[in-house]
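Here, each number is a calculation from the coordinates, and none is a lab measurement. Just so it is clear, the model here is predicted, and its values are computed rather than measured. Here the Cβ positions follow ideal geometry from the backbone for every residue, glycine too, while neighbour counts run over all protein chains shown.
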Amino acid sequence: MTRKLAVFSLAFLLIVGGLISVASAAQNVANTNQKGSLLIFPRIDVMAYNPNDPVPGFRDTIITIGNDYYKEVWVKCYWVDQDQQIEDFMFAMTPNQVVWFSAQAGEGSPGATVPPFTGPEGELKCWAVDASGQQQISFNHLYGTANVYYAFPVLGGFETNAWVFTARGVALGDPVGAPGELDLTGLAGGYDACPQYLLANFPTANADQTERLTLVPCKQDLRQDRTPTCTKAKFDVWNENETKFTGSYRCIKCWYEGYLSEINLPGPPNGYGFGGVNFTMAGLGGSTYGRYRVQGVASTVCNKKFLTAGNPDLKIPPSDRCTGGQVASPLLGLQTLENPRGAFILMTGNATFGAGADGSGFVKWDPNFDVPQVPGQ
């Protein structure tokens, strides 16, 4: 009897110990299938219809954010376009409310005052704050989606979930870190970390289809006097026969979107990248599908890429160029399959897969200041 009890006790301790191990090893990396306090939508597309354009078109992005809790919360957001021009806004969410708005029009749910996104492409970041807008807070009940659609002259669209970061080890409604800095460490007192690297499978580019990739660095300064994040997206690619192809890369500044097979464009000697051929059927030895791994690294290869004559980046003020130098930065990604040459762009979209944890990420922003009262009032 004593032996049976001992065996039972040992088994019970092993089970409990296993549960404790599982709990302590809970993921602390952002993903697209949870609720949290910080939401990042990597891809926002807009285009107003103008019949006088050589090829008139229309596209928009509908954002939805849900509050899965019985208390009110305020949300602070930043539009960030492809040229790193920013515009911020803030709105309240009532208990259990869903808020939606059009990126192009800025219109949507009553009470959500949203400026239109000037685009035409970029990203959106939103997080929970106190009512004064002075401090980011813990409110792990937010989630959201982005629905990108093309209406004319082509028809297509896709919907993806936001990348979601939980506030860790902070009670509901309490401040998370110092005002104006969201630390993506994965540790208590901060937010979830970003993945160490991203993974994705893809159909190789051919005449009928190609993959478009969006990348957002996890180190981002949204302050008025900001320092842009410049990094190199380094790719390793494999074909169906496990053959590895190296050398592909893309220099990016704060945000990137483009076809995988064209990451080297514009061409040398002023190119942003190299190795787009590694994403084509011919480049992968006839493989119909391939896979890649991408990571943001610091590299001298990207030095002065955004200061080269003829580079589109010259339209950005000098203060917004790569003044902070090249840095290693974890990335968030979104991939879409498109037919850019067909009469209809039938698109599908999905977030890239993340692996590992990189706790070096951050989001910096300008919080509101406390409004003083007249003495005695």
Around PRO95: net Lys/Arg minus Asp/Glu count, Cβ-Cβ under 15 Å: 0
Partner lysines for LYS219 [C-alpha distance under 27 Å; skip if fewer than 8 residues away on the same chain]: LYS35, LYS76, LYS125, LYS232, LYS234, LYS253, LYS304, LYS305, LYS315, LYS364
Listed residue (ALA92, PHE41, PHE245) projecting farthest to the positive dipole end of region 38-364, Cβ model: PHE245
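Using the count of nearby Cβ atoms within 10 Å as a rough guide to exposure, how do SER287, SER248, SER109 rank from fewest to most?
Values: SER287 19, SER248 23, SER109 15.
Final ranking by Cβ density, sparse to dense: SER109, SER287, SER248.
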Residues PHE58, PHE362, PHE41, sorted so that the one with the fewest Cβ neighbours within 10 Å comes first: PHE58, PHE362, PHE41
Computed over region 38-364: relative contact order in percent, which uses C-alpha pairs under 8 Å that are six or more apart: 19 percent
